[in-house]
Each structure stands twice: as C-alpha cells, then as structure tokens.
Amino acid sequence: MSQGTSSTREIPEIGSIPKHIAIIMDGNGRWARKRFLPRVAGHKQGVETVRNVIKSCSNHGVEFLTLFAFSSENWRRPADEVSFLMQLFAGALEQEITKLHENSIRFRVIGDISRFESKIIQFIKKGEQLTANNSKLTLTIAANYGGRWDIIQAVRKMMENSPNSPVHFEEENLTQFLSMNYAPEPDLFIRTGGECRISNFLLWQLAYTELYFTDTLWPDFDEKEFDLAIQSYQQRERRFGRTSEQIQQ
Ligand code: IPE
Ligand code: IPE
Ligand code: MG
C-alpha cells in the first residue's frame, strides 16, 4: 500500500507517537486583543510558535506535520490583514527555508498557490526543490487551502487522467490526486483557540483522525501544551469501525 492510500485499514499501536499531526493554528487575533495590540501582532507571535512546534515534532520523531496557515476563506478578511499575512509568509519563507534544509526537513505547500504574488510562488518552488530529498520530517504548509477545493481538483485530475474510463472508480483512484498524496492521513488533529470546527481543512483525510481541541491560543501553545496533546492521543483507542475486543487481541 502506498503512503497516500487510506490509512484507515492499519491500526497504530495504542501509546505510539502520531506519525502525522495536522494543526489549525487559531487564536492569534484574540491573543493580540487581550494585550491591546493590533491583530497582526498575534500573527507575528504565532510564527514563533510554528518554529517551536517544528522543533518539538522533530524531537518526538513525528514524521509529518501539516499546518493550516491561510484558508481559501481567509481572503474575506480586511485587506490590510490579508496583506500583512502575505508579507509575513513571504518573509518566513525567505528566512526559514535554509534552516529547514539544515535540519533535514522536507518542505511542501498544499493549496491553490496561483493566487499568490510571484515572489511567494518562487520562494515556495525553490524551497520545495531544495528540500525534496530530506527525510527527517515533512513540513506541509496549507496556504490558500480548502478541503473542498482539494477534493474537486483531485476529481478533475482523475477524470483528465483517464477520459475514456468507465465512471466506476475506487477511493484509491481519487486519493492519488489529492494534494497531500505523499503523506499518510493525519493521526492527530489539533485546533487551538477554542473553536470546535474543521473550517474546511483536510476534509477527506480527517475521516479517522483523532481530534484534539484546546482553548489555548496559538501564540501560547508551548512545549507543555504540545506534550498534553500527544498524551491525549496516546490514551485513545483507535478502532476504525472494529470492536474494542478485536483491537485488544
Ligand atoms: C489564526 O488566527 C490565523 C489565521 C487564520 C491566519 P486568527 O487570526 O483566526 O485569530 P482569531 O481567531 O481571530 O483569534
Ligand atoms: C482557520 O481559522 C484557518 C486557519 C487557521 C488558517 P479561522 O479563524 O479562519 O476559522 P473560522 O473562520 O473561525 O472558522
Ligand atoms: Mg480564527
């Protein structure tokens, strides 16, 4: 079975470290507001948390980390906030890619990047090429990403790939075209900031993912909070439709 096909058939051992963690980094604006700062100060601080979480994942032997940085719906925010987020993204790409490479991290971006300015697209392409053969941790940034967009683009590619084939197809025919076809499905999903929703993140891939919601705001999500999420995951019994007795055999 290839990495990208459904992981819902294999049961990881209870107590193991999640292979793939996917995070909705939420609460930057509220973190700033609590300090009477502009919302964008929260986004800036949030970048620090990103650095620390990457380190924690590397230290724990997590193989894939996927971070939701900008959703396809975030264009609806005030123009100056969107523009600040774009500059922050460009700056982070420019500064961090070499460091990621030095730490053997493979860098990938999922989402419709065609809407970004050409400087950002260049940084992304260069970063992906430079780090393509690294194998310590795969860091994926979801940028202008939407789960529905992902499924639709996969269906489109699948149909283009075999225009004369019958309409009948299996899960695997589709999953190979999802934008994260190089990774197993997430084992652990974390959302900071207190909201209990998926907000159009990885809709297909989260089918059997363990969900963890915390009120902690993203800029406050430190190593201790990260460890709490891992500990919560390690206590879960993943059954994928089976009974508890079957799992414990
Ligand atoms: C998440 O923090 C960052 C992005 C969506 C880019 P928010 O900006 O959504 O913070 P809150 O939810 O308003 O506090
Ligand atoms: C989800 O956060 C998107 C990212 C973290 C990039 P939002 O703050 O945009 O989500 P909603 O709008 O509250 O659902
Ligand atoms: Mg939010």
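Take every Cα pair under 8 Å whose residues are at least 6 apart in sequence, average their separation, divide by the length of the chain, and the relative contact order is 32 percent.
Considering only protein heavy atoms and a probe of 1.4 Å, how much of the accessible area of the chain is carbon and sulfur, as a whole percent?
On the way: 6460 of 13200 Å².
Percent of accessible area from carbon and sulfur atoms in the chain: 49.
Per residue, the accessible area of the chain comes to 53 Å² when a 1.4 Å probe rolls over the protein heavy atoms. Simple rule: put +1 on each Lys or Arg Cβ and -1 on each Asp or Glu Cβ in the range 1-101, find the dipole, and look at PRO38, VAL82, GLY27; the Cα lying farthest toward the positive end is PRO38.
Remark on ARG106: its backbone amide H falls under 5 Å from those of LYS136, LEU137, THR138, LEU139, a criterion applied only to residues 5 or more positions apart or on other chains, H modelled at 1.01 Å from N.
Note: relative contact order over the range 53-165, using C-alpha pairs below 8 Å and six or more positions apart, is 39 percent.
Using the Cα gyration tensor of the range 184-233, with a ≥ b ≥ c the square roots of its eigenvalues, what is the shape: rounded (a/c below 1.5), prolate (a/b larger than b/c) or oblate (neither)? The partial results should precede the final answer.
Numbers: a/c = 2.44, a/b = 1.43, b/c = 1.71.
Oblate is the answer for the range 184-233, as a/c is 1.5 or above yet b/c matches or exceeds a/b.
Exposed loop sites here are chymotrypsin sites (Phe, Trp or Tyr not before Pro) assigned a DSSP state other than H, G, I, E or B and surrounded by at most 15 other beta carbons within 10 Å; excluding them, the longest clear run of the chain is 37-168.
Contact order, relative form, for the range 177-249: 31 percent (alpha carbon pairs under 8 Å, 6 or more residues apart, mean separation divided by residue count).
Could you tell me which of rounded, prolate or oblate describes the range 114-207, using a ≥ b ≥ c as the square roots of the eigenvalues of the alpha-carbon gyration tensor, with rounded for a/c under 1.5 and, failing that, prolate when a/b is larger than b/c and oblate otherwise? Can you show the working numbers first?
On the way: a/c = 1.63, a/b = 1.20, b/c = 1.36.
Because a/c hits 1.5 or more and a/b fails to exceed b/c, the range 114-207 counts as oblate.
Across the range 33-119, counting alpha-carbon atoms alone, Rg and Dmax equal 14.3, 39 Å. Residues whose amide H lies under 5 Å from that of PHE221, counting only those 5 or more places away or on a different chain, are absent; hydrogens are built 1.01 Å from N in the peptide plane. Take the Kirkwood radius over Cα pairs of the range 10-158, plug it into Stokes-Einstein at 37 °C and 0.692 mPa s, and you get 199 µm²/s for translational diffusion. Loop by DSSP (not H, G, I, E, B), at most 13 other beta-carbon atoms within 10 Å: where is the longest site-free stretch of the chain for GluC sites (Glu not before Pro)? For GluC sites (Glu not before Pro) (loop position, at most 13 other Cβ atoms within 10 Å), the longest site-free span of the chain is 14-72. Distance from the C-alpha centroid of the range 188-214 to that of the range 12-53: 13 Å, rounded to the whole angstrom.
Spin-label model, GLU73/GLU160: points 7 Å from Cα along the beta carbon direction are separated by 2.7 nm. Here is how the number arises for the chain: DSSP H runs of 4 or more residues each give -39500 (n - 2.57), the sum is divided by the residue count, and the result at 222 nm is -13000 deg cm²/dmol. With the cut-off at under 16 Å, measuring from each backbone N in the range 80-97 to a point 7 Å along the Cα-to-Cβ line of LYS55 picks out 96. With q set to 0.09 Å⁻¹, the log10 of I(q)/I(0) for the chain, from the Debye formula over equal scatterers at the Cα positions, is -0.40.
Any idea which of ILE14, LEU206, VAL47 is furthest toward the positive side of the dipole for the chain, if Lys and Arg beta-carbons carry +1 and Asp and Glu beta-carbons -1? Value: VAL47. Rounded to the nearest 20, the Cβ-based charge dipole of the chain about its Cα centre (Lys and Arg +1, Asp and Glu -1) stands at 580 debye.
In sequence order, the range 214-225 has phi-based couplings of 10, 6, 4, 7, 3, x, 9, 7, 9, 4, 5, 5 Hz under the Karplus curve 6.51 cos²θ - 1.76 cosθ + 1.60, θ = phi - 60°, and Gly or Pro positions carry x.
The values are calculated or read from the model by the stated rules, or taken from the named source; none is laboratory data. Remember, it's a predicted structure, so these values are computed and weren't measured experimentally. Note that each Cβ is placed from the backbone with ideal geometry, even for glycine, and that neighbours are counted across all protein chains shown. The area values use the complete protein model at the heavy-atom level, side chains included, leaving out ligands, DNA and RNA. Shrake-Rupley method; radii C 1.70, N 1.55, O 1.52, S 1.80 Å.
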